[in-house]
Structures are given as structure tokens and as C-alpha cells.
Amino acid sequence: MKTIESMPSLNLQSVPYIGAAKVLSIEGDKIQLECPDCYPTAQMAMNPRYDANVGDIVVAAGSGQNWFIIGLLQGSGASHLSTKGNLILSAPEGDVEIIAAGQIDIKSKKVSVGGEEVEIVANHLLHRVQSLTQWIVDSLHQRAGRVMTHIEGAFHLKAERITQRADEDVKVIARSIHLN
């Protein structure tokens, strides 16, 4: 039977540590950590990429001069999901939610949204476009508390039949009115 005295001496530098560490400082790609028994300098080894902040609690692994950050327990930095090829987010049997406390920006040369039903719910909706074309196959229904339309150029309306109804006065202000 072996006793502790007969076992080879244990070199603590060769025993890898895997566990929680606190980010103390960041200089370029070198991240100074605080572990229970040491203060190693590590490099980020997470995929997707994470931008660490001072005070983050990370999962560190290493020994000696070789330390890596391999996980995140508590942080406030940005995570980056990036690929040179196509990126597909898929939930073939479920839903996909994107939630943000602040703003969501979508930037692309072309954005397409398709669905059997599309619903936009907002307290304020602003469309700012250079040109807008709408093709409505069946019918357009609009309900509004008030409608104001300001047109800088000409206004053309062509219809098979036009019916306008007002519960009160109708006022037309023009230099001339032509009726055929």
C-alpha cells in the first residue's frame, strides 16, 4: 500500500485549473484574471466571440502561462455571432424570439419579411423611404382617428367609382375647379 510519503511530489504549476475567475483588467487580447490562488493572464477562447468587461465572472482553464477563458457565468459585454458564409437561425418545431431592453437594428442591402400573417404592433411607427410602392391584390381597409396628407407635387387618383361622405361640412379650396 502506498503512503503519501511514497507518492511523487505534486507540482501545482502542472495541475490545470478549471473554474470561476473574475476579470480584473483588459489590455488588447490579454485579460488579467483573479482566480482563488493566482492572478493569471488569459486569452479569450469562446465561440461565439465575447467582449469581456472588467468585473465579469468567467470560466477559466489553465496552468502556468497557458490560460484561456472558455465560458461566461456573469457578464455585461457584447457577444458576437459571426460567420463568413450563410447564417440560419432555425426552430423547425418552435418559435424564435429576439428580445432587447433597448434597440434592435437590422442592416442589410436587402431585407425580406415573409409570412402567412405579419403583424406590427407599436405605439409609434415611422416609415422614412425614398420611394414606396404598394400592391394590394384584394382590398385595403384603413381606420384612423385623423388623416393628414401633405403632398408637395401633384396628386393623382384614378378609380372606377369614388364615393366620399362627410357628416358635416366639405370645404374645397382651389384656384379653379374643372368638372366634366
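Tabulated values for the structure
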| item | result |
| --- | --- |
| Out of SER82, SER90, sole residue that is surrounded by fewer than 10 Cβ atoms within 10 Å (Cβ to Cβ), in contact (Cβ under 8 Å) with a residue 24 or more places away in the chain and either part of a loop (DSSP other than H, G, I, E, B) or of a type in the set (Gly, Ala, Ser) (or both) | SER82 |
| Pair list, Cβ < 9 Å and 6+ apart or interchain, from the range 152-170 residues that are part of a loop (DSSP other than H, G, I, E, B) to residues that are among the β-branched types (Val, Ile, Thr) | PHE155/THR149; GLN164/VAL170 |
| Subset of the range 54-67 that is at pLDDT 95 or above and surrounded by fewer than 17 Cβ atoms within 10 Å (Cβ to Cβ) - its residue that is farthest from ALA78 (Cα to Cα) | VAL59 |
| Tabulated pairs, the range 22-36, first at negative phi, second aromatic (Phe, Trp, Tyr) and surrounded by 15 or more Cβ atoms within 10 Å (Cβ to Cβ), C-beta under 9 angstrom, 6+ apart or interchain | ILE31/TRP67; LEU33/TRP67; CYS35/TYR17; CYS35/TRP67; PRO36/TYR17 |
| Hey, ILE106 of a type outside the set (Ser, Thr, Tyr) and exposed (fewer than 13 other Cβ atoms within 10 Å of the Cβ) or not | yes |
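The values are calculated or read from the model by the stated rules, or taken from the named source; none is laboratory data. Because the structure is predicted, anything quoted here is derived from the model rather than measured. Don't worry about glycine lacking a Cβ; one is built from the backbone with ideal geometry, like all the others, and counts go over all protein chains shown.
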